[in-house]
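> My questions will all concern the structure given below.
The values are calculated or read from the model by the stated rules, or taken from the named source; none is laboratory data. All values derive from a computational prediction rather than experimental measurement. Cβ atoms come from the backbone with ideal geometry, glycine included; neighbour counts cover every protein chain shown. Remember, those area values only see protein heavy atoms, side chains included, never the ligands or the DNA or RNA. Shrake-Rupley method; radii C 1.70, N 1.55, O 1.52, S 1.80 Å.
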Amino acid sequence: MPIIHSPRPVFSLADAARIARARFGIGGDVAELPGERDLNFRIDSAGASYVLKIAHSGESRENLELQHAALTHLARRETGLTLQNAVPALDGGTLVEVEAPAGGPPGRHWVRLLTFLPGRLWSEVSARRLPRAPLLESLGATLGAIDRGFADFRLPAVRRDLKWDLRRAGWIRDYLHHLEAGSRRELVERWLADFDQRVRPALDRLRQSVIFNDANDNNIVVGGERFAPLVAGVIDFGDLCRTNVVCEPAIAAAYA
């Protein structure tokens, strides 16, 4: 499974403000938010807040439309979840395409506007100093509700060749040569062998469905009181896929 890297977009705050106003009719104060491969900008406008997301040039329209469809489906199936919503552009669609500005990597980028989910990221919460049981229980309840809502989500696009699908963890074997020969490489090789011999065959016997698949500490939004926080919701549905349901708590536990 090849690893394909697209350059991160280069857009300024002024570029983001111009796109938001021209394509979505939204103006206001603009601030950049963290993002791994995409650019994210918070826009505060007349009592409402939004996130303008500019995808890297290698992102497909199909994947972004899948995320919007997933949010719409969950909002209908699990009304207790707090979710972002895709905001229509002036042309009525939820995706617009823009040209990269001069001075950065050339290309065209898909842009969308989502409602802002207030709160703190899990990575900003000192969970070790707080009552952990309620916080962890709220994380489990949120992910359980998401996966319950996805039980009948059957768009063909969810069946995809995604390297972050734990069922496909063996792809990393092709990159072991980047590790120096010795104890570190031997450790990875031992775990890969265990995955092939014990884990992978067992996964074929376990339940499969669509899952969120990315409950890392920068995708979990925490709300509530500062000294008694609870999970308010999640962001970034870019890695959702159909796989084993047991992968959901495994991923969440690895990060939490």
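> So how many residues does segment 1-43 have that are over 17 Å from Asp236 (Cα atoms), surrounded by 14 or more Cβ atoms within 10 Å (Cβ to Cβ) and of a type in the set (Asp, Glu)?
1
> List pairs: first in segment 172-186 and within 20 Å of Asp196 (Cβ to Cβ) and without any contact (Cβ under 8 Å) to a residue 40 or more places away in the chain, second outside any helix (DSSP H, G or I) and open to solvent by less than 100 Å² (accessible area, probe 1.4 Å), Cβ under 8 Å, 6+ apart or cross-chain?
Matching pairs, first to second residue: Arg185/Leu179.
> Those residues that are closer than 18 Å to Leu71 by Cα, assigned to a loop (DSSP other than H, G, I, E, B), under 22 Å from the mean Cα position of the chain (by Cα) and of a type outside the set (S, T, N, Q), I need them from segment 90-122; list them, please.
Those that are closer than 18 Å to Leu71 by Cα, assigned to a loop (DSSP other than H, G, I, E, B), under 22 Å from the mean Cα position of the chain (by Cα) and of a type outside the set (S, T, N, Q): Gly93, Leu95, Phe116, Leu117, Pro118.
> Moving on. If you go through segment 205-228 one residue at a time, do you hit one that is of a type in the set (Ser, Thr, Tyr) and in contact with a strand residue (DSSP E or B) (Cβ under 9 Å, 6 or more places away or on another chain)?
The answer is yes, given that some residue of segment 205-228 is of a type in the set (Ser, Thr, Tyr) and in contact with a strand residue (DSSP E or B) (Cβ under 9 Å, 6 or more places away or on another chain).
> So which residues in segment 116-141 are closer than 18 Å to Val51 by Cβ and either loosely packed, with under 15 Cβ neighbours inside 10 Å or at pLDDT below 90 (or both), if there are any at all? So that I can check it myself, show each step before the final result.
So in segment 116-141, the residues closer than 18 Å to Val51 by Cβ come out as 116-124.
Correct list: Pro118, Ser123, Glu124.
> Please enumerate the residues belonging to segment 152-206 that are small (Gly, Ala, Ser) and touching a Gly at 6+ places or on another chain (Cβ under 8 Å).
Taking segment 152-206 first, the residues small (Gly, Ala, Ser) are 157, 169-170, 181-183, 193, 202.
None - no residue of segment 152-206 is small (Gly, Ala, Ser) and touching a Gly at 6+ places or on another chain (Cβ under 8 Å), so the list stays empty.
> Return the only residue of Leu71, Leu121, Leu81 being in contact (Cβ under 8 Å) with a residue 40 or more places away in the chain, in contact with a helix residue (DSSP H, G or I) (Cβ under 7 Å, 6 or more places away or on another chain) and closer than 22 Å to Leu240 by Cα.
On the way: Leu71 fails: in contact with a helix residue (DSSP H, G or I) (Cβ under 7 Å, 6 or more places away or on another chain); Leu121 fails: in contact with a helix residue (DSSP H, G or I) (Cβ under 7 Å, 6 or more places away or on another chain).
Within the list Leu71, Leu121, Leu81, the selection yields Leu81.
> Something else: Taking Trp164 as meeting all but one of (1) within 18 Å of the chain's Cα centre (by Cα); (2) on the phi > 0 side of the Ramachandran plot, write down the number of the exception.
Going through the list (1) within 18 Å of the chain's Cα centre (by Cα); (2) on the phi > 0 side of the Ramachandran plot, Trp164 breaks only (2).
> Now for a separate question. Would you check if Leu95 is in contact with a helix residue (DSSP H, G or I) (Cβ under 9 Å, 6 or more places away or on another chain) and touching a residue at least 60 places away in the same chain (Cβ under 8 Å)?
So Leu95 fails the test.
> Can I ask one more? Given the structure, is Val158 surrounded by 18 or more Cβ atoms within 10 Å (Cβ to Cβ) and farther than 25 Å from Glu65 by Cα?
no
> Applying the selection to segment 62-101, what residues are out of contact with any Gly (no Cβ under 7 Å at 6 or more places or on another chain) and of a type in the set (Lys, Arg)?
Answer for segment 62-101, where residues must be out of contact with any Gly (no Cβ under 7 Å at 6 or more places or on another chain) and of a type in the set (Lys, Arg): just Arg76.
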